[in-house]
Structure formats: C-alpha cells, structure tokens
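Just so you know, all these numbers are worked out from the coordinates, no wet-lab data involved. The structure presented is a predicted model; accordingly, all values stated were derived computationally and were not measured. Using ideal geometry, Cβ is built from the backbone for each residue, glycine included, and neighbour counts are taken over all protein chains shown.
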Amino acid sequence: MLAYVVGAWLAIIILGSIIDLVDGDDDKANGKPSPSASATETPILWAFQGQGCSDGWHSSSIGKRGACSHHGGVITVYQSNIGGLVTICAPRYQPKTLERAQELADSSGNVACDFEHPGW
C-alpha cells in the first residue's frame, strides 16, 4: 500500500514538472527574469479618482443601468501615487512599477493598459 502512495506522489511531481515545461513557466530554469518588479524599480499604487462617460460627458446616472450608453460607456479613472499619471485600466492591467507606467504613458501622462504583464 505504501508503494502505491509513494508511486502516486512521484507521478504527481513528474507530471507537474512536465506541465510547467509545456506552459513555459520554466523561465527561472532558463535564467530569464520573472515579470515581477526588481529591486531597482519603484512600486506604484493607483487610487480611484472617479467615474464618467468615456467621451467626457458628465452623467448623473452612473451606477444605474444604461449610464453613458450613448457616450461610449462608463470609465473608471485612477491616478498614480507618484508621477502624476492617470489610467482607466482595470486593476489587473494597471502597471505595477513607475518605470513600466512611464513606458506606457503618452506625452500627457495617460497610461495605457499593461496587457503584457496582467496581474503581475
């Protein structure tokens, strides 16, 4: 009975290693850096600033069904705690470091969503 349990654990460990290799999660084994922030990068936090219509129209119906339906939908605006940057990206797609946010920012400080590293 013990031999079956040990065999099952070995099979799980080997299968897990194979899945990691197939998924491409072997970056550390290949010497590639992980997408998390390094010690030299500055972490950034995004604070809720408000909601509005995507075309700039002000609506008192935000929070209700159909708000901004003729104005491109509702957007949520977030501002960075440092750098004075602004984004409308969902939290999962907000850049996690100031350096990455500056890479994605346009000349007016509007930061594009970081689809390359979602959810770091």
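Extending 7 Å from the Cα toward the beta-carbon at both Ala112 and Glu41 defines two label points whose distance is 1.7 nm. Panel order for Trp57, Trp46, by other beta carbons found within 10 Å of each beta carbon, from fewest to most: Trp57, Trp46.
Annotation: extensible slack from Ala90 through Asp55 equals 10.8 nm (criterion: 0.36 nm per residue apart, minus Cα-Cα distance). Among Ile44, Ile75, the ranking by other beta carbons within 10 Å of each residue's beta carbon, starting with the fewest, stands as Ile75, Ile44. Our estimate of slack between Ala67 and Ile82, defined as 0.36 nm per intervening residue step minus the Cα-Cα distance, is 2.3 nm.
Using R0 = 22 Å, the C-beta based FRET efficiency linking Phe48 and Glu99 works out to 0.45.
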